[in-house]
1. Report, by residue number, each residue of segment 283-316 that is of a type in the set (D, E, K, R) and in contact with a Lys or Arg (Cβ under 7 Å, 6 or more places away or on another chain).
2. Mind checking which residues of segment 208-228 are over 29 Å from residue 255 (Cβ atoms) and in a loop (DSSP other than H, G, I, E, B)?
3. Among the residues of segment 151-185 satisfying the criterion of being under 31 Å from the mean Cα position of the chain (by Cα) and among the acidic types (Asp, Glu), which is modelled with the highest pLDDT?
4. Identify the single condition in (1) within 30 Å of residue 100 (Cα to Cα); (2) at pLDDT below 80; (3) small (Gly, Ala, Ser) that residue 77 does not satisfy, given that it satisfies every other one.
5. Give segment 133-169 a look and list any residue that's among the small types (Gly, Ala, Ser) and either touching a Gly at 6+ places or on another chain (Cβ under 6 Å) or surrounded by 15 or more Cβ atoms within 10 Å (Cβ to Cβ) (or both), or say none.
6. Any chance segment 229-236 includes a residue that's assigned by TED's automatic domain parsing to the domain that holds residue 176, out of contact with any Pro (no Cβ under 9 Å at 6 or more places or on another chain) and assigned to a loop (DSSP other than H, G, I, E, B)?
Amino acid sequence: MDCPKCKIQNPDNAATCSTCGAKLTNTIQPKRMCTLALWSFILTLCTPVLVFLILAIAPFRYFLELTALAILPPVLAFLFAIFALIRIKKSHGALRGQGFAIASISIIIIGFMLFVLPILQKIRIKKPNKLSQISQLHIIEIALEFFNSENNYYPPSDALDPNAHPYCGAMKLCEAMLGRDLCGFHPDSVFRSDGTDATGKEKLYSQDPNNLKSRKDPYLYLKSTNFYRLNNIFPNVGAFDGNNYVLCDVFLRKRRSGKKIGMPVLYYKADTSKTAHDVNNPDNPDNIYNYKDNHALLALGTPGDPNIKHPLYQNPKLFYEMTRNHKITTQSKPHSPHSFILLSAGKDGLYGTMDDLTNFNMTWKYKQRR
């Protein structure tokens, strides 16, 4: 302390001045408690009580709001503790409460690691499935345009192959995008169900090095593409070869194979030599799109219960209502009349319902047509 007479500094516990001998009075004031440190500790202790009350007596309809409220005390306590430590340091010994502030920070960190962090690690941040599926369809759409630019045609989507064997649009789509063995499309393919060339003699999809050199690179990135064999999805594949691959949507469900798999993405190619889009007569031979391209696949029903039929299978008129371009009011015209249509069954796994998704903006009126 400073001598009041000669202003010379003396030890804090000195009774007299070491220079002039003047009597010194101890003027050290007791330290004050830092209010922020005290409040941080109180709020930290209140948090478990508040959480218990929410879990015990909070009405369920307000549970989320009250849970969010319970997060506020520890957040404020942590901030108060930080600011308290700063103020205590700047007070040069005039403030106390450092222990309260440190204890608050320690309790909050330990509580976060023991209770909050394990919960956060179990939470899977999911993409919005609808947006993910729309994105997937657009990626396939771009890949089909690349296919067209390299081969000067879009893949066919007929229900049968050139030998009249069942090989539908969804399967031909997968062959075009990835190849029958996922090693790329062979340019000599005529989309036979057995993978042979136009003569029916040469197998186009073998692992021979020369054969692989003749292939196109896959048009889709394998690691981010949902492709599965048909027999991994359906318990009974009917007349199809169950080993054929299809591209599937993002709405995953556990199948009999034990894998979580979506429904096949349906592919329909426009016949540009035709001019009709008859919503009243699905079998009009002049229709630009042919609903039969994937009709046999729809006949397999839903994988979980084959007895549940798809509305699109039961009423093919829905296909033409769904794919109709309602912006054209003078006559019935389809979307994408010169290229193709991609169709996902949507979240409910049923083709022909309101949550179906396409590679265009679908605005059909299901309730009025069913």
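1. Filtering segment 283-316 down to residues of a type in the set (D, E, K, R) leaves 283, 286, 292-293, 305, 309.
Correct list: 286 only.
2. Taking segment 208-228 as the starting set, the residues that turn out to be over 29 Å from residue 255 (Cβ atoms) are 208-217.
Hits for segment 208-228 are 208, 215, 216, 217.
3. Let us first name the residues in segment 151-185 that are under 31 Å from the mean Cα position of the chain (by Cα), namely 154-157, 167-185.
Restricting the remaining residues to those that are among the acidic types (Asp, Glu) gives 175, 181.
On the way: 175: 97, 181: 93.
This residue is 175.
4. Answer for residue 77: the failing condition is (2).
5. First pass over segment 133-169, keeping only residues among the small types (Gly, Ala, Ser): 135, 143, 149, 157, 159, 164, 169.
Across segment 133-169, the qualifying residues are 143, 157, 159, 169.
6. First, the residues of segment 229-236 that are assigned by TED's automatic domain parsing to the domain that holds residue 176: 229-236.
Filter once more, keeping what is out of contact with any Pro (no Cβ under 9 Å at 6 or more places or on another chain): 229, 231-232.
Remaining after also requiring assigned to a loop (DSSP other than H, G, I, E, B): none.
No; the residues of segment 229-236 include none that is assigned by TED's automatic domain parsing to the domain that holds residue 176, out of contact with any Pro (no Cβ under 9 Å at 6 or more places or on another chain) and assigned to a loop (DSSP other than H, G, I, E, B).
The values are calculated or read from the model by the stated rules, or taken from the named source; none is laboratory data. Computed from a prediction, not measured in an experiment: that's the story for all the values here. Counting neighbours? That spans all protein chains shown, and the Cβs are built from the backbone with ideal geometry, glycine included.
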